1. Could you name the lysines whose alpha carbon sits less than 16 Å from that of A:K111, not counting residues in the same chain fewer than 8 places away?
2. Work the Kirkwood hydrodynamic radius out for the stretch A:3-181: mean of 1/r over every pair of different alpha-carbon atoms, inverted, in Å.
3. Just checking chain B: which Cys have no other cysteine's beta-carbon under 4.7 Å?
4. Restricting to Cα atoms and excluding each atom paired with itself, what does the Kirkwood estimate give for the stretch B:1-157 in Å?
5. May I ask what percent, to the nearest 5, of DSSP beta bridges between residues of chain B are antiparallel?
6. Using r as the Cβ-Cβ distance of A:Y169 and B:R200, and R0 as 51 Å, what FRET efficiency do you calculate, to the nearest 0.05?
7. Report, please, the projected area of the stretch B:41-132 averaged over directions, based on the convex hull of its C-alpha atoms, in nm².
8. Using helices alone, what [θ] at 222 nm do you get for chain A, with -39,500 (n - 2.57) per DSSP H run of 4 or more residues, divided over all residues and rounded to the nearest 500?
Amino acid sequence: MAEYRLTTPLSDEDIIKLKAGDTVYLSGVLYTARDAAHMRMVKALEEGKELPFDVKGQVIYYVGPSPARPGKPIGSAGPTTSYRMNPFAPKLIALGQKGMIGKGKMSDEVKEACAKYKACYFASIGGAAAVVGSSVKKAEIIAYPELGPEAVRRLEVENMPLFVCFDSYGNDLYEIAKKEWANKL
Amino acid sequence: MSEIRNVSVKDVEEAIYKLALDAAYHIPEDVLEAEKKAYEKEKSEVAKKVLETIFQNIEVSSKEEFPLCQDTGLGVIFMEVGQDVHFVDGYVVDAINNGVERAYKDGYLRKSSCNPLTRENYGNNLPAIVHTFVVPGDKVRLIFDAKGGGSESMSKVQMMKPADGREGIVQTVVDWMIQAGPNPCPPTIVGVGIGADFERCAVMAKHATLRKVGEPSPDPVLADMEQEILTKINNSGIGPAGLGGLTTALAVHIEMEPCHIATLPLAINTACHVNRHKEIEL
């Protein structure tokens, strides 16, 4: 399993070299969105309105951080459970989104969208929030501030450690890992 | 006749305030101990790496008072009130809510309570969820459980058939936890409630997650079931963070009470690998 250092925005070339199980240290700009922000973004699309940011080449981090202490860019910021974004992710991937960061399983529709449009779902370690939060260097709210922890934030991150979960070839790290370690007690 | 003891709700508020902050930053020792033991037994290199990251997270959180997880949960309080206690200086539930609100504000903890339909965030993490039990004596015991949404969503209550029996219960819990997979942030502590009725078995399941990790049920029949379910869950291969390994659950804790001859209520509630809870007696 390979290790890559990538900087956003991501291109098709970045995505096609990644395989489920690879480690990625991601740097650059990420956008945060959870359930409430996704509902609003998809509604905006349906109404023919603009999204708060252009998703092309971008990676969306499924996170609702805890408040920042004075002098810090952000509080704890680990991934939230991704399946709640299943209805929204394929629509944004079709518009050119290149990645999602979260934890837990996502649907076959998301997996298929990753293969069709060349995108990846990156798994982060749920609950390792203080450690993951420390890779965030800058954070600002760019949309829906009234949503509080669910507002859309623009983050600048350095070497955020991630595992490739869905690659662009239809593979799923959670399924592969589970099979490998089943009945080993 | 036993004497009435006055307990000021201001002391309850202060206790809740401190418990909430402590729970957010400092993992319970028994949980960490269980994770260290799991690390020694773990054979997957990836799983070992995940556990190392979890240990690093515990250290950073504790030292810098960064929440262990960004989801600092809703405040769930198990309050055992001695029947000889008389609360003074206000209403005790208001005091609990004040303690929670202040802790979440002062401690830079995330406010997660919202309107179920509009999803509007109330911005104060209120109300706390308070389960009250009247017990003998003149003390007040408070358990504060910071319950995150990821593990809570992987819960269920199922009204089983009496004929499903022990085997049906074991299979249902194992299947459910395997289906939950990486979602509840494994390694988890699995709480199971068997019997009583619909709502009480759910409270038992959550209460069971707060038992000292790995301490078997005093009932040998249940202790045996706990071990069987644990082995089956850990044979799933899901592993820490769902990235493969031998440690999917740290423990299975079962609580059981008598039920109706026509029913077999079963509830499952999971706690993630930080299982934040702290307690005090006043």
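Any read-out appearing in this document is the output of simple, stated calculations on the displayed coordinates, not a laboratory observation. Keep in mind that this is a model prediction, so the values were computed, not measured. Ideal geometry is used to build each Cβ from the backbone, glycine not excepted, and the neighbour counts take in all protein chains shown.
1. The qualifying lysines are A:K19, A:K91, A:K98, A:K103.
2. On the way: mean 1/r = 0.0624 Å⁻¹.
When all Cα pairs of the stretch A:3-181 are included, the Kirkwood radius is 16.0 Å.
3. Cysteines of chain B left without a disulfide-compatible partner: B:C69, B:C114, B:C201, B:C259.
4. It is 17.5 Å.
5. Numbers: 25 of 45 bridges.
About 55 percent, rounded to the nearest 5.
6. After rounding to 0.05, the efficiency reads 0.55.
7. Here the figure is 10.1 nm², rounded to one decimal.
8. Mean residue ellipticity at 222 nm (helix-derived): -6500 deg cm²/dmol.
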